[in-house]
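Below: the structure, in structure tokens.
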There are 2 protein chains.
Amino acid sequence: MSSLLEQLIEAFRVLPGVGQKTAQRMAYHVLERERDGGKRLAETLAASIERIGHCKRCRDFTETEICATCASASRDAHQLCAVESPADRLAIEQATGYRGLYFILQGRLSPLDGIGPRELGLDQLTARMAEGEVQELIIATNPTVEGEATAHYLAQLARQHGVRPSRLAHGVPLGGELEYVDRGTLSHAFGSRSEMPQ
Amino acid sequence: MSSLLEQLIEAFRVLPGVGQKTAQRMAYHVLERERDGGKRLAETLAASIERIGHCKRCRDFTETEICATCASASRDAHQLCAVESPADRLAIEQATGYRGLYFILQGRLSPLDGIGPRELGLDQLTARMAEGEVQELIIATNPTVEGEATAHYLAQLARQHGVRPSRLAHGVPLGGELEYVDRGTLSHAFGSRSEMPQ
Ligand SMILES: [Zn+2]
Ligand SMILES: [Zn+2]
């Protein structure tokens, strides 16, 4: 049976980009110098996995049924911004002055991987647009092949419900991931988004 | 008050080399795709912090009073290898065929930082050498200024107790960290260690 330390090193490898060597460093670092912080990490991680689910309205991560953004009276319900992931949502929230609401797809259309409209919660998004309050759907999927295909699909869906679809302005590098775009570029691209052509 | 998700992102920053962006990715990755692995990490981390302490004999990390290596009857008690950290011990153990015992200094002499012989457990090491069983002290501190100073101090200590001090052969790059040396180089350097000159 492997020792607890070996189990800890192995357990760290669940984290993205963490191989054997980095996992070792993490285990030793925590045991040598960060026992309090490591204890806090263990507790917060356990609590997060137990209590963080998806917002019933926007599909973002939240501890409550409806997330704080969706529940806020000070957000503009006429604008809805569709993003692929919570990380993208956070990037936009931190970089721009956007005061509307969000819809997190938790992915992008990828038929070969079995990810269709259903998996992206598009029935939910459709129902939302049918309510009549949303006037603009800001489509902020990544500028990748799949992200663009998803954007076009969402634009059609929006138009069918009388909602104006818009897309972030160029400035986001092609093939890049939104999450890694610097704040200034992202803020600019967000501000100069344009209506999507037919 | 910050959300549980924000607390989780903050908590990940306790890990070495993990900034805000990486911490975010870790939190999202675990919540999106690795809830089981994340739960295991939380549990293993909590258990490790609670139960892993230092071996009374070699100061390595262990869940027991005496670590498995020190307790093993198949290791050669005539050879003792002094290293700065548990990671260095592991690197040597994995790269070489060494079958002797270890002593983990948990640091190196650094008077300006208040790290003297006492902090490195050298009274313990001295008592160990006074027992008479150790014949060779393999000094595997890092080839840095402080590591070299520590090596010379240990060599003197060894000679005072009739123990032959040796040092890893050159091959370990100067200024480098043992932990990052490739296996082949480390194995070669370990094998062709030489007796330390007076
Ligand atoms: Zn929400
Ligand atoms: Zn031991």
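The values are calculated or read from the model by the stated rules, or taken from the named source; none is laboratory data. Please read these numbers as outputs of a predicted model, since none were measured by experiment. Backbone-built Cβ (ideal geometry, glycine too); neighbour counts: all protein chains shown. For the accessible areas, the whole protein counts, side chains as well, though only heavy atoms, and no ligand, DNA or RNA atoms are used. Shrake-Rupley method; radii C 1.70, N 1.55, O 1.52, S 1.80 Å.
A few points about this structure:
- Residue check for B:ARG40: of a type outside the set (Val, Ile, Thr) and at positive phi: no
- Matching residues in the stretch A:44-58 - criterion: being among the hydrophobic types (A, V, I, L, M, F, W, C) and away from ligand 1 (no atom under 11 Å from the Cβ): A:LEU45, A:ALA46, A:ALA47, A:ILE49, A:ILE52
- B:PHE61 touching a residue at least 12 places away in the same chain (Cβ under 8 Å), away from ligand 1 (no atom under 16 Å from the Cβ), of a type in the set (Phe, Trp, Tyr) and more than 30 Å from B:THR150 (Cα to Cα): no
- Residues (hydroxyl-bearing (Ser, Thr, Tyr) and crowded, with 19+ Cβ neighbours inside 10 Å) located in the stretch B:152-165: none
- Under the condition of being of a type in the set (Val, Ile, Thr) and under 12 Å from B:LEU5 (Cα atoms), the residues counted in the stretch A:53-82 number 2.
- Residue check, B:ALA47 more than 18 Å from A:MET26 (Cβ to Cβ), of a type in the set (A, V, I, L, M, F, W, C) and surrounded by fewer than 18 Cβ atoms within 10 Å (Cβ to Cβ): no
- Count of residues meeting criterion [open to solvent by 10 Å² or more (accessible area, probe 1.4 Å) and facing chain A (nearest Cβ under 7 Å)] in the stretch B:25-42: 7
- Cβ separations smaller than 8 Å between residues 6+ apart or across chains give the following pairs from the stretch B:1-24 residues that are more than 8 Å from every other protein chain (Cβ to nearest Cβ) to residues that are among the acidic types (Asp, Glu): B:SER2/B:GLU10; B:ALA23/B:GLU10.
One line per residue, one yes/no per condition, for (1) away from chain B (no Cβ under 14 Å); (2) out of contact with any Leu (no Cβ under 9 Å at 6 or more places or on another chain); (3) within 16 Å of ligand 2 (Cβ to nearest atom); (4) of a type in the set (A, V, I, L, M, F, W, C):
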residue: A:PHE61; (1), (2), (3), (4): no, no, no, yes
residue: A:ALA71; (1), (2), (3), (4): no, yes, no, yes
residue: A:CYS81; (1), (2), (3), (4): yes, no, no, yes
residue: A:TYR98; (1), (2), (3), (4): yes, yes, no, no
residue: A:ARG118; (1), (2), (3), (4): yes, yes, no, no
residue: A:LEU137; (1), (2), (3), (4): yes, no, no, yes
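- Contact map, the stretch B:92-118: first residue among the hydroxyl-bearing types (Ser, Thr, Tyr), second residue in a loop (DSSP other than H, G, I, E, B), Cβ cut-off under 6 Å, separation 6 or more or different chains; pairs are B:TYR102/B:CYS58.
- The helices (runs of 4 or more DSSP H) found entirely in the stretch A:1-59 include none that carry 3 or more residues being touching a His at 6+ places or on another chain (Cβ under 9 Å).
- In the stretch B:64-94, residue farthest from ligand 1 (Cβ to nearest atom) [restricted to those that are open to solvent by less than 20 Å² (accessible area, probe 1.4 Å) and in contact with a Lys or Arg (Cβ under 6 Å, 6 or more places away or on another chain)]: B:VAL83
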